[in-house]
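A short worksheet on the structure shown next.
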Amino acid sequence: MSITAEKVDLKNLTQAGLIAFAESLGQPAFRGKQIMGWLYRPGITEFSQMTDLAKVFRNILEEKAFVSRFTDPLIEKSDDGCVKFGFRLSDGNIIESVLIPEPDRNTLCISSQVGCAMGCSFCLTGTMGFKRNLTPSEIVNQICGARDYLLAQPKELLIGPDRVTNVVYMGMGEPLNNLENVLASLSIITEQKGLDLTSRRITVSTCGIVPKMRELGEKSPVNLAISLHAVNDETRRRLMPINDRYSIDELLDACRDFPMPKRKRIMFEYILLKGINDSDRDARELARKLSGIPCKINLLPYNESPGLPYESPGMKRLLAFQQILLDAHYTVFIRNSRGSDISAACGQLATENSPRR
């Protein structure tokens with residue numbers, strides 16, 4: 001057993017957890033807040049750097065705890081500016097994150113599990129199977145790793161800012177099947193002394209774990225995205241086995257019951273697969289089913305992957321599908337595929353495609 005296996009990874013703790021940890025060591029509560037204020041500063045890797053903590057307390061922390069981080073990530077850059085990170089975990093597993101830069105923002109797509117148990121037939125991650133949940137530190141350290149990468153780049157070469165501004169839980173895994181650790185990571189990400197991101201710029205996606213949806217909404221004010229991808233149970237069951245447990249109507253009822261402010265809307269993700277879910281009839285049915293749900297719709301042309309039997313419908317079909325929804329007075333976006341040349345686009349993350357040196 002390694003030394004760190006007996007120590008506490010402080011990045012697994014929310015601010016409340018750090019306060020409780022400090023108090024367990026005989027320290028006042030504010031010491032936990034002081035530690036939180038240091039943990040997520042760039043370049044802080046040692047307790048000796050936490051200079052407003054007493055030296056005696058720093059020595060105690062050395063004995064009882066450690067600060068985890070991802071080092072030397074595998075990196076692959078797309079022609080369109082996207083960056084795919086392969087982060088190696090302490091047990092040897094690799095998870096992937098994708099940085100999507102734009103002039104006014106940097107969106108980081110992060111993973112919540114190693115692999116995925118959902119088995120969606122159009123997604124490469126599903127072919128890996130499920131290995132394990134990520135800890136809060138393994139979720140948060142993806143953001144720290146991308147941040148450190150951006151800070152190390154010459155500013156004149158950056159497409160967007162020198163920091164991560166937006167986070168989407170849309171990488172490997174089903175976030176709501178790891179809800180406890182996802183909620184802890186959200187607390188750390190949005191804490192002012194943590195990574196200090198506003199919840200308005202954070203989105204958690206789910207394929208529809210109905211019993212967990214309301215808990216997410218009650219415990220965190222982040223945005224919700226639903227991977228829908230079909231308008232009838234027969235088609236969705238074929239594409240997404242989760243539909244055997246929760247039908248489309250059950251999922252949409254949970255969306256109607258989702259607690260959120262009046263001006264907030266749920267984002268529905270809909271991947272168009274040629275000849276399967278992309279007809280005018282499908283578009284009209286989608287408009288009907290989403291009636292009464294405050295929402296936006298993201299249309300995604302399928303990112304074709306070797307070994308999977310699906311095709312993209314093409315832009316003409318995509319635009320026709322969008323127009324039907326626009327005519328029904330929905331806000332509808334077409335998400336441009338980014339990073340497909342390095343297998344970093346939606347549905348393409350799998351460790352068999354991890355960046356290599």
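Nothing in this text is a laboratory measurement; each read-out follows from the coordinates by a stated rule. Keep in mind the model is a prediction, meaning the values are calculated, not measured. Glycine gets a Cβ as well: all are built from the backbone with ideal geometry, and neighbour counts include every protein chain shown.
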**Request:** May I ask you to compute the full-extension gain from residue 41 to residue 79, defined as 0.36 nm times their residue separation minus their alpha-carbon distance, rounded to one decimal in nm?
**Result:** 10.6 nm
**Potential lengthening between residue 23 and residue 156 on full extension [0.36 nm per residue; Cα-Cα distance subtracted]** = 43.3 nm
**Request:** Could you work out how far apart the two model spin labels at residue 16 and residue 281 are, taking each label as a point 7 Å from the Cα in the direction of the beta carbon, and quote it in nm?
**Result:** 5.1
**Asked** GluC sites (Glu not before Pro), restricted to segment 24-94: which are DSSP loop and have at most 16 other Cβ atoms within 10 Å?
**Response** 46
**Under the Karplus curve 6.51 cos²θ - 1.76 cosθ + 1.60, θ = phi - 60°, whole-Hz ³J(HN,Hα) for segment 191-205, x wherever Gly or Pro sits** = 5, 4, 7, x, 8, 6, 9, 6, 4, 5, 9, 10, 10, 10, 9
**Asked** Long-range amide H contacts for residue 334: which residues qualify at under 5 Å (H placed 1.01 Å from N, peptide plane, sequence gap of 5 or more or a different chain)?
**Response** 299
**Prompt:** What FRET efficiency do you get for residue 6 and residue 232 if R0 is 45 Å and r is their Cβ-Cβ distance, rounded to the nearest 0.05?
**Reply:** 0.25
**Message:** Taking 0.36 nm per residue of sequence separation and subtracting the Cα-Cα distance, how much length would be gained by fully extending the chain between residue 54 and residue 165, in nm to one decimal?
**Reply:** 36.6 nm
**Asked** So, how do all the Cα-to-Cα distances of segment 3-159 break down into 10 Å bins, in percent, from 0 on up?
**Response** 10, 33, 30, 20, 6, 0
**Request:** Post the alpha-carbon centroid distance, segment 82-118 to segment 192-257, in whole angstrom.
**Result:** 20
**Asked** Taking the Cα centre of the chain as the origin, how large is its charge dipole in debye, to the nearest 20, when only Lys and Arg (+1) and Asp and Glu (-1) carry charge on their Cβ atoms?
**Response** 620
**Request:** With label points built 7 Å along Cα→Cβ from the Cα atoms of residue 90 and residue 331, find their separation and express it in nm.
**Result:** 4.2
**Prompt:** So for the pair residue 104, residue 71, with labels modelled 7 Å out along Cα→Cβ, what separation do we get in nm?
**Reply:** 4.0
**Prompt:** Given q = 0.09, 0.10 Å⁻¹, what are the Debye log10 I(q)/I(0) values for the chain, with equal point scatterers placed on the Cα positions and solvent ignored?
**Reply:** -0.52, -0.63
**Prompt:** In cubic angstrom, how much convex hull volume per residue do the alpha carbon atoms of segment 4-66 span?
**Reply:** 79
**Fill in**
Cα-based Rg and Dmax for segment 128-243, in Å, come out at 16.2, 51
**Request:** Compare the Cα positions of 248, 118, 306 along the charge dipole of the chain (+1 at Cβ of Lys, Arg; -1 at Cβ of Asp, Glu; about the Cα centre) and return the one farthest towards the positive end.
**Result:** 248
**Complete:** Under the helix-only model (-39500 (n - 2.57) for each DSSP H run of 4 or more, divided by the residues of the chain), the mean residue ellipticity at 222 nm, to 500 deg cm²/dmol, is -9000 deg cm²/dmol
**Prompt:** With a sphere of radius 15 Å drawn around the Cβ of residue 327, what net charge do the other residues whose Cβ falls strictly inside it have (Lys, Arg +1; Asp, Glu -1)?
**Reply:** 0
**Fill in**
Counting only DSSP beta bridges fully inside segment 93-353, the antiparallel percentage to nearest 5 is 25
